[in-house]
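What follows is one structure encoded as structure tokens, with my remarks underneath.
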Amino acid sequence: MGSYFRNRIRYWSLILPAVLMLGNIHLFAQDSRPLQVGSNRELFVDQYLIYKLNNVTQELHTPRNEGVVLKFDNPWEGNFSGYCTIIKDSSQYKLYYRGIREAGKDGNDNEVTCYAESSDGFNWVKPDLGIYTINGTMNNNVILAHVAPATHNFSPFLDANPDAKASERFKAVGGTGKTGLFAFVSADGIHWKKAQEAAVFKTGVFDSQNVAFWSESEQQYVCYFRTWSDGGFTLYKGYRSVSRTTSKDFINWTNPVNMTFGNTPLDHLYTNQTSPYFRAPHIYLAIGARFMPKRQVLTDEQAKALNVNPNYFKDCSDAILMTTRGGNNYDRTFMESFIRPGIGLENWVSRSNYPVLNVVQTSPSELSVYVNESYAQPTAHIKRYSLRLDGFASLNAGLKGGEVITKPFKFKGKELEINYSTSAAGSVRIEILDEKNKPVRGYTLNDSQEIIGNEIKRIVSWNGKEDVSSLEGKPVKLKIYLKDADLYSLKFN
């Protein structure tokens, strides 16, 4: 018997390495299968398309401060207004936010949901809607009141589901851990009603802005909501974190899963603000609020001079950028701050610098990100920040030049479009490789046009030829040569 087991052990010691090697070969074969890029616009905010970088880096770009666009100065708004959402509905911009002047228990009846609108994203009007009597007048911009706790963190979205009813073109979620999340629907984004009286989802803490939307790529509703890293779905323990649930009908939701963050250290994520990027809806941008508890900047005297609520200046916060393509993993390629707190002590208080949900296009070449600033102060407001379209991050090379090789992929289309910027001395050139890394005849580096300039949309050409339809559906790679240049996105049309 002892001899039998010794022989079996010897057998497996010889055979197991070979089995493991075959398994690794199989996994490698799976990992090397071509990506299905199709005609999606691909941004360089994650590692999805990148195989190899040589003297090229992924650079996170800093949005430009464009100044205050809206002050929380109505009597029913005030210092603790927050959990804001911006929606572009055709040519109109709609802005939603919590109104509350004095801090109180989450979900108290003094919290209201306020509304503002704009034709350009820069200049905002608070219309007198006449829906509720607030502070003795119906001349106010309140769209929800006396439906606590949903008004604490009411978070709406424009439903992109092609099967959505016209009467439910807008949807929203709101609620706290004690009650769960309630679902709301609206035809116009101003007049709202509950989808049903009972909460639609209860497995979470929800002490944040919990966000939902229709996913075009997943063909279902998804909701990203507050949980805690060590406390799961019920306890306030560990780090403020994010979990996810999905639904086909916005009423019945799946068992939630915790979001993961790759091999990165945990941060307190006060809000996640996950939403599909309007030019690449398969990529969900999460421009969240990173909270640094007990990281105090202001002294007691400085806080008193600013008239900051005494309970809200012993921490600080900034904005970070994560991404996900569905599933339960966030990509944190960039751990650095996306939007740093501004100059001035008023920007270094607790729960300030919280990004507004969604980014929107505000000119042919520009998008806007909005941030809730000067929290817990009489000067609380929303500020606008701008970026070029797709300009969250780029592949960047200096004047010495560098190259990028993509993973193998299959595309649909007849031409390759890029969003790029070079210096006067810089350039972009693109070579197409086959799956064996050999340049494809007619699409080599020597055939490639040297591209110089700064354009949101440029069609790449080789010897004056833009047509790449002969390669459609075949596994290819791109070898991108950059010299003092940034490449923000690419897309096959």
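Annotations for the structure displayed:
- Condition met for Ala286 (of a type in the set (A, V, I, L, M), buried (at least 22 other Cβ atoms within 10 Å of the Cβ) and in contact (Cβ under 8 Å) with a residue 60 or more places away in the chain): yes
Residues are listed down the side, and each one gets a yes or a no for (1) surrounded by 14 or more Cβ atoms within 10 Å (Cβ to Cβ); (2) farther than 21 Å from Asp207 by Cβ; (3) touching a residue at least 40 places away in the same chain (Cβ under 8 Å); (4) touching a helix residue (DSSP H, G or I) at 6+ places or on another chain (Cβ under 8 Å):
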site: Gly78; (1), (2), (3), (4): yes, no, yes, no
site: Ser91; (1), (2), (3), (4): no, yes, no, no
site: Lys105; (1), (2), (3), (4): no, no, no, no
site: Glu117; (1), (2), (3), (4): yes, yes, no, no
site: Trp124; (1), (2), (3), (4): yes, yes, yes, no
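- Condition met for Asn328 (within 20 Å of the chain's Cα centre (by Cα) and free of Cβ contacts under 8 Å to residues at least 12 places away in the same chain): no
- The residues listed here are Ile287, Ile251; of these, the one that is within 30 Å of Glu168 (Cβ to Cβ) and not in a strand (DSSP E or B) is Ile251.
- Each residue in region 197-223 was checked for being farther than 19 Å from Arg98 by Cα and part of a strand (DSSP E or B), and 8 pass.
- Qualifying positions in region 418-439 - in contact (Cβ under 8 Å) with a residue 60 or more places away in the chain and crowded, with 19+ Cβ neighbours inside 10 Å: Ile418, Asn419, Tyr420, Ser421, Thr422
- Pair list, Cβ under 7 Å, 6 or more apart: region 184-198 residue farther than 17 Å from Val142 by Cα, other residue polar (S, T, N, Q) and assigned to a loop (DSSP other than H, G, I, E, B): none
- Consider region 379-394 and keep the residues that are hydrophobic (A, V, I, L, M, F, W, C) and over 17 Å from Lys126 (Cα atoms). The one that is nearest to the chain's Cα centre (by Cα) is Phe392.
- Of all positions in region 230-244, none carries a residue that is assigned to a strand (DSSP E or B), modelled with pLDDT of 95 or more and within 16 Å of Leu158 (Cα to Cα).
- Some residue of region 222-236 being assigned by TED's automatic domain parsing to the domain that holds Asn272, within 22 Å of Val112 (Cβ to Cβ) and more than 23 Å from the chain's Cα centre (by Cα): no
- Hits in region 68-102 (condition: touching a Lys or Arg at 6+ places or on another chain (Cβ under 8 Å), closer than 21 Å to His146 by Cβ and not hydrophobic (A, V, I, L, M, F, W, C)): Asn74, Pro75, Glu77, Gly78, Ser81, Gly82, Tyr83
- Here region 450-493 is the region considered, the condition is being of a type in the set (Val, Ile, Thr) and within 20 Å of Gly391 (Cβ to Cβ), and the residue that is nearest to the chain's Cα centre (by Cα) is Ile456.
The values are calculated or read from the model by the stated rules, or taken from the named source; none is laboratory data. A quick note: this is a predicted structure, and the numbers were derived from the prediction, not measured. With ideal geometry, Cβ positions are generated from the backbone for all residues, glycine too; neighbour counts draw on all protein chains shown.
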